[in-house]
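Here the structure comes first, spelled out in C-alpha cells, and everything after it is commentary.
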Amino acid sequence: MLEIRSLSKRFGPVAAVTDVSLAVPDGAFLVLLGPSGCGKTTLLRMLAGLELPNAGQIVFDETVVSDGDRNWSVDPAKRNSGLVFQSYALWPHMSVHGNVDWPLKVAKMPKAERSERVDAVLKLLEIDDLADRYPNEISGGQQQRVAIARTIAPQPKVLLFDEPLSNLDAKLRLEMRTELMRLHRTTGATTVYVTHDQIEAMTMATHVAVMNAGRVQQFGTPDDLARDPQTAFVATFVGTPPNNVVPMISNGAGTMVADKAMAIAPPEPDCLAMYRAEALNISPKETSRSLAMELMEVSAIAGRTMVTAVGAGLRLTAIVDGRPSAQIGDVIHMELPPEPTCWFSRSGDRIV
C-alpha cells in the first residue's frame, strides 16, 4: 500500500532525510521512531504532500504521488490521505460537528450523506455528545478526538499522525493510544505515526522504522528490533530499559572495559559490546568482571528492580531481583556476564 523509494530531502546545506526506502502492506501501522531532529516529521510531511522530496519517489497503492527526481508531486488534497497535526488545528469558530463536516463539504458530498457520516464518526470516537460544542469548550483529549474524527471522516486510505499524543498528560496518552489502536482495526487504513516515544512505537506498530540523522537505522517489526538490533543506536534507543552498550579496546595486554582490564575477547580491537539489562548483576564485592560505579536510580519494574549506575564514562542499567541495600550515591559493583549478547563496530554497525 505504501512504498518509499530512495527518498531524500535537503533544506539548503542540511540533509533532513537521506536515501530512505521501505514498504508496508495495506492496513499496516507504520511508526517512524527517533529523537528530535532525526527527520521523521519531514518524512511524514513528504508523505502528506506538504514537502517535495529532492530525490526518490513515494507510492500509494501502486500510484506515484511524489517524484523528487522529476520535481513533481500530487496535490495533498488528491492523495486520499489524511493528516492529524500535533497541534490539533481545529477551526475555533466551528462546532465539533462543523469541524468534522468541513472536509466532507469541501469534497462536495451531499448534505444528508455528510450528516450521516459525521454522526457515525463522532459516535465511533465517542464524542457524539460534544457535537454542538466549540473547541475552546472541550478538553485537550476531546480536541484530539475531534481532530482524528475530522481526518477519518472522508475515509482516506492512508492516515498520517504527527506526534498526536505529545500534548496530553500520561493518563490520557495511555487512553488515546488504546483508542488509536481500536480505530486502526476499525478503519483498516494504512497508518503512519510519528513519535519519539519508543513505548508508543513498540505497543502500537506492526512495522517500525527507527530513524537517526535523516537515515533509517533499522526497519522491521517491534519484535525484530527488540530481539535483534542491527545498530548500536537501535540497541540503546529501543527497549525498556534500553540495552547497555559498552566500549571495549583490546591490545597486547588484554581488553580494557572503561578503566579496568577484563578477560574478554572482542571480535575487533576497538568495538562495542551489548548487554541486556537483565543479564547484568550487582555483586556485593569487586569481581574480575565488575565495575565500581555510583548508584543513581532505583525503581520497581514488573515485579523486579531497575538499577542504574554511572562511572568511568558509562551509564549501566541492570534488572535484578530485590532492592539493593545501597543508597543513592553509594558505590556498587555492576557485574558484566561472561559474554555480551552481540557486538557492534565502533561506528555502530552490527558485527556478530
Listed values (1) 29; (2) 16; (3) 34, entry calculated as percent of Cα pairs over 39 Å apart: (1)
DSSP-loop trypsin sites (Lys or Arg not before Pro) across the range 118-203, with at most 16 other Cβ within 10 angstrom: 133
For residue 21, distant residues with modelled amide H under 5 Å away: 6, 7
In the range 1-95, the GluC sites (Glu not before Pro) that fall in loop regions by DSSP, at most 13 other Cβ within 10 Å: 62
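If you keep only loop residues by DSSP, which GluC sites (Glu not before Pro) in the range 239-311 have at most 16 other Cβ atoms within 10 Å of their Cβ?
Answer in residue order: 286.
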Most positive-pole-ward Cα, 102, 324, 247, against dipole of the chain from beta carbon charges: 102
Taking 219, 85, 11, 29 and counting other C-beta atoms within 10 Å, the order from fewest to most: 11, 85, 219, 29
Under 25 Å between alpha carbons - lysine pairs in the range 17-131 that sit 8 or more apart or on different chains: 7
Cut-off under 5 Å, modelled amide H: who pairs with residue 2 long-range: 24, 61
Protection proxy ranking, peptides 15-24, 74-83, 105-114, average beta carbon neighbours within 10 Å, highest first: 15-24, 74-83, 105-114
The range 2-236, relative contact order [Cα under 8 Å, separation at least 6], %: 27
Lys, Arg +1 and Asp, Glu -1 on Cβ, resulting dipole of the chain about Cα centre, debye, nearest 20: 540
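Taken together, the values in this text are just the output of simple stated rules run on the coordinates, not laboratory data. Keep in mind the model is a prediction, meaning the values are calculated, not measured. Positions of Cβ are backbone-derived with ideal geometry, glycine not excepted, and every protein chain shown enters the neighbour counts.
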